[in-house]
Amino acid sequence: MLPSLAHEGFPLVLVEAFAAGLPVVASGHGSLAELVADGITGRHVAPGDVAGLARALRWAVDHPADLARMGRAARAAYATRHTPDAAYARLMAIYDAARA
């Protein structure tokens with residue numbers, strides 16, 4: 001879980017969770033909302049909503065099959081977007097576009 005009141009940049013712990021096949025319950029704002037696809041690679045909760053966070057965690061405990069599906073999707077998101085090779089390819093595409 002990654003409940004944050006701050007607008008995180010690119011939290012490494014989120015990428016590490018995805019790499020391990022773990023879905024993430026995160027605050028649904030800023031980059032966290034962009035990185036965690038609600039209902040697909042994890043769940044969103046409103047920043048500062050302690051009751052909402054508790055509900056999301058209870059949901060996770062009560063729905064292991066859905067949680068496993070989200071974990072597989074999180075791992076696939078990591079493999080597609082966040083590996084060193086994927087990051088390098090995106091960076092080179094940016095450089096190529098800048099040179100053009």
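Qualifying trypsin sites (Lys or Arg not before Pro) in the stretch 12-100, where qualification requires a DSSP coil assignment and no more than 13 other C-beta atoms within 10 Å, are lacking entirely. Here the residues GLU16, GLU8, ranked from fewest to most Cβ neighbours within 10 Å of their Cβ, fall in the order GLU16, GLU8. Counting Lys and Arg as +1 and Asp and Glu as -1 over every other residue whose Cβ lies under 15 Å from the Cβ of LEU22, the net charge comes to +2.
For an R0 of 22 angstrom, estimate the FRET efficiency from the Cβ-Cβ distance between TRP59 and VAL13 and round to the nearest 0.05. E(calc), rounded to 0.05, equals 0.55. Candidate membrane-span-like segments in the chain, meaning DSSP H helices with Cα atoms spread over at least 15 Å of their own axis and a Kyte-Doolittle mean of 0.0 or above, are 50-62, 84-99, with no membrane implied. Labels on offer are (1) 14.9, 52; (2) 14.2, 44; (3) 12.0, 32, and the one holding Rg and Dmax of the Cα atoms in Å computed from this structure is (1).
Here, each number is a calculation from the coordinates, and none is a lab measurement. Note that this is a predicted model, so its numbers are computed, not measured. Cβ: placed from backbone, ideal geometry, glycine included. Neighbour counts: every protein chain shown.
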